[in-house]
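Chemist: Take a look at the following structure, please.
The values are calculated or read from the model by the stated rules, or taken from the named source; none is laboratory data. Source: prediction; values computed, not measured. A quick note on method: Cβ atoms are made from the backbone with ideal geometry, for glycine too, and the neighbour counts reach across all protein chains shown.
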Amino acid sequence: MNEDQLSALQRLASALSELATKKSYWVTRRKRRKKIRALRIKQKYNKLILNSRAARELVRKSRNGPCTDCGVFFLDHMSFDHLPGQIKKFDLGKSTHRLLNTVKAELAKCELVCCRCHDKRERARGLPRGHTCRRPGFCPLRSQPGLG
């Protein structure tokens, strides 16, 4: 090989190595951006999960209190009654994946009542829904004479 061919090959090799360097840069950049995107999605998901857990905890803690009407408290027999004139967006007892702000707004529209008083309120409103207890087979409020 003469010097011209050798220098041409060296220029070609340096151009190829430069091209490979640029390509590897873009490949690693794409991989890095992909990882960052996945991390951001995971962080948003975790934030939503923590938010919905906080909302469920708020509902659970809000259920621990006496009935607004009669003052009776049984943990599994308390429910939220939406006040008249308020639009019910969702059932608080079944709100497993709601954001904390929406749950707080819905709680503001409700009163905590026992299942017996909830039945009375709904009958007075003309809503024949039946017994609203979470554990109707074990409801001590239904079995007491003079209370149902």
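Chemist: For the stretch 67-75, indicate whether the set of residues that are of a type in the set (D, E) and in a loop (DSSP other than H, G, I, E, B) is non-empty.
Modeler: For the stretch 67-75, residues of a type in the set (D, E) and in a loop (DSSP other than H, G, I, E, B): present.
Chemist: Only residues in the stretch 7-28 that are surrounded by 10 or more Cβ atoms within 10 Å (Cβ to Cβ) count as the first member; pair them with residues that are modelled with pLDDT under 75 and not in a helix (DSSP H, G or I), Cβ under 9 angstrom, at least 6 apart or cross-chain, and list the lot.
Modeler: Listed by first residue and then by second, the contacts come to L9/M1.
Chemist: In the stretch 11-22, is there at least one residue being more than 34 Å from the chain's Cα centre (by Cα) and basic (K, R)?
Modeler: Scanning the stretch 11-22, I find at least one residue that is more than 34 Å from the chain's Cα centre (by Cα) and basic (K, R), so the answer is yes.
Chemist: Step by step: first the residues of the stretch 87-101, then only those that are touching a residue at least 24 places away in the same chain (Cβ under 8 Å) and surrounded by fewer than 16 Cβ atoms within 10 Å (Cβ to Cβ), then the one that is nearest to C67 (Cα to Cα). Which residue is that?
Modeler: That would be G93.
Chemist: A further question follows. Does D81 qualify as being modelled with pLDDT of 85 or more, in a loop (DSSP other than H, G, I, E, B) and surrounded by 14 or more Cβ atoms within 10 Å (Cβ to Cβ)?
Modeler: Answer is no for this residue.
Chemist: Test S52 against the criterion of being under 13 Å from the mean Cα position of the chain (by Cα), surrounded by 15 or more Cβ atoms within 10 Å (Cβ to Cβ) and at pLDDT below 80, and give yes or no.
Modeler: Considered against the rule, which asks whether it is under 13 Å from the mean Cα position of the chain (by Cα), surrounded by 15 or more Cβ atoms within 10 Å (Cβ to Cβ) and at pLDDT below 80, S52 comes out as no.
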